[in-house]
Amino acid sequence: MSLSEARFHDLVDATQQTLEDIFDDSDLDIDLESSAGVLTVKFENGTQLIFSRQEPLRQLWLAAVSGGFHFDYDEESERWMCDKSEEQLGEMLERIVKAQADVELDFEGL
């Protein structure tokens, strides 16, 4: 079952707000930029995470040092799941943020 456009945008908006809250509440020295559906997280060491919505595919995309990842929303688990590895967004982010910023953050709600 495909997400409606409105539901897709609501899910991405909520996810990006949750991400902003997690990063804002951390002790990390980061810059957050949100514009036109793209959330960019810039770490102190110069690396970035870029979250973008891909409306035609109803996917959330993540660009990181380790690569690009595409996530589909799974209604059953109410989580964004990687379309290749089936890893949850939150689990992947914990690993990626540890690798890029050498800090452990809890992304369990994603």
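Values in this text are rule-based calculations from the coordinates and carry no lab data. Bear in mind the structure is a predicted one, so any value in this text is a computation, not a measurement. Quick reminder, even Gly has a Cβ in these numbers, built from the backbone with ideal geometry, and neighbours come from all protein chains shown.
Using the alpha-carbon atoms, what tilt in degrees (0 to 90, nearest 10) does helix 5-25 show relative to the longest principal axis of the chain? The two axes meet at around 20 degrees.
Here the scattering of the chain is modelled by Debye summation over its C-alpha atoms, one equal scatterer each and no solvent; at q = 0.11, 0.15, 0.18, 0.23 Å⁻¹ the log10 of I(q)/I(0) is -0.31, -0.59, -0.86, -1.44.
Potential lengthening of the chain between residue 5 and residue 108 amounts to 34.5 nm, from the contour at 0.36 nm per residue minus the alpha-carbon distance. A helix-only calculation puts the chain at -10500 deg cm²/dmol for mean residue ellipticity at 222 nm, using -39500 (n - 2.57) for each DSSP H run of at least four residues, averaged over all residues. Label reach from residue 83 (point 7 Å along Cα→C-beta): in the range 45-60, amide nitrogens under 15 Å belong to 52-60.
Taking the C-alpha atoms only, the angle from helix 89-101 to the longest principal axis of the chain is near 20 degrees. Computed about its Cα centre, the charge dipole of the chain is approximately 520 debye, with only Lys, Arg, Asp and Glu carrying charge at their Cβ. A straight chain from residue 70 to residue 33 at 0.36 nm per residue would run longer than the Cα-Cα distance by 11.3 nm.
Separation between the residue 20 and residue 61 pseudo-spin-labels, each 7 Å from Cα along Cα→Cβ, expressed in nm? Spacing of the two 7 Å Cα→Cβ label points: 2.2 nm.
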